[in-house]
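K.L.:
The structure is given below, and queries will be raised subsequently.
The values are calculated or read from the model by the stated rules, or taken from the named source; none is laboratory data. Please read these numbers as outputs of a predicted model, since none were measured by experiment. Cβ coordinates were reconstructed from backbone atoms using ideal geometry, including for glycine residues, and neighbour counts include every protein chain displayed.
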Amino acid sequence: MKVLDLDMDFFLTDACPLAPLGQRPPETCAKPYDDEQVIRFLEEQCGLSRANPLPGAIFDTHDKALDFWAARMADGELRAPFEVVHVDTHSDLAFGPPGPDFVLKAVLTRPPRARVSLENYRTGRKLDEANYLLFALAFRWIDRLTYVRNPKSHQDVPSRLLGQSGALHLTSDIARLMEGINGPEPEIPFTVVDDCTTFCDSGFDMVTLAQSPRYAPASADRILRLVEPYIRAH
């Protein structure tokens, strides 16, 4: 199965710095794409249709994609592992602090079925919207990842997550010690699309959109209303 995982800040003319908790970036930071640009990307480059909306959801912070995916797996609508096309200004692979150490050294030591503990990770301030995809990889939910970057995105994929072939390979010394119990961590085919104008894909089974308010000025919220008709919300 294939999931289209959108972030509203992709549809901006620049990458905004993270705003303080409870605030939005200033309007001078970036402008949202116009309606035609957004619709053209959704329909012509992602193959979406308002006549045939896909199952999905719109939420505020991107880490809630994990909750949505878990719920859909529980009710049988989504089967893991699945492919994710991540359309965002950020990779959400724990580039910034505190980095990938917790996932690589703590989560990977657990048996795969015991790794999914979202509320505990949130309570311990280990899981957030900047690293949720790394957790999904550690849960072995994803078998292929494509990252479609905004033209103003910074290079933010941690090099330590990449294997020699360029695929994503999560590992650490302590994780390797547990391979006898957990099995080896899989290599995940990984593609970064630097020029989003060249991206073209279709055949998605689900689509989600994160508002990510700390990364987008308030004027961008109209994009939520543009994307909503393409999603059949649960």
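K.L.:
Please give the number of the condition Ser212 fails out of (1) surrounded by 13 or more Cβ atoms within 10 Å (Cβ to Cβ); (2) of a type in the set (Gly, Ala, Ser); (3) out of contact with any strand residue (DSSP E or B) (no Cβ under 8 Å at 6 or more places or on another chain).
P.N.:
(3)
K.L.:
Let me ask something additional. Anything in segment 143-160 that is outside any loop (DSSP other than H, G, I, E, B) and under 12 Å from Asp92 (Cβ atoms)? List them, or say none.
P.N.:
Leu145, Tyr147, Arg149, listed by residue number.
K.L.:
Look at Thr171 and say whether it is over 24 Å from Leu4 (Cβ atoms) and of a type in the set (Val, Ile, Thr).
P.N.:
Taking the combined requirement at face value, the residue satisfies it.
K.L.:
Condition check: outside any loop (DSSP other than H, G, I, E, B), hydrophobic (A, V, I, L, M, F, W, C) and either under 23 Å from Asp128 (Cβ atoms) or modelled with pLDDT under 95 (or both). Does Val227 satisfy that?
P.N.:
yes
Residue-wise test of (1) touching a helix residue (DSSP H, G or I) at 6+ places or on another chain (Cβ under 6 Å); (2) β-branched (Val, Ile, Thr); (3) more than 28 Å from Phe11 (Cα to Cα); (4) assigned to a loop (DSSP other than H, G, I, E, B).
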{"position": "Leu66", "(1), (2), (3), (4)": "yes, no, no, no"}
{"position": "Gly76", "(1), (2), (3), (4)": "no, no, yes, yes"}
{"position": "Arg79", "(1), (2), (3), (4)": "no, no, yes, yes"}
{"position": "Glu83", "(1), (2), (3), (4)": "no, no, no, no"}
{"position": "His86", "(1), (2), (3), (4)": "no, no, no, no"}
{"position": "His90", "(1), (2), (3), (4)": "no, no, no, yes"}
{"position": "Gly96", "(1), (2), (3), (4)": "no, no, no, yes"}
{"position": "Gly99", "(1), (2), (3), (4)": "no, no, no, yes"}
{"position": "Phe102", "(1), (2), (3), (4)": "no, no, yes, no"}
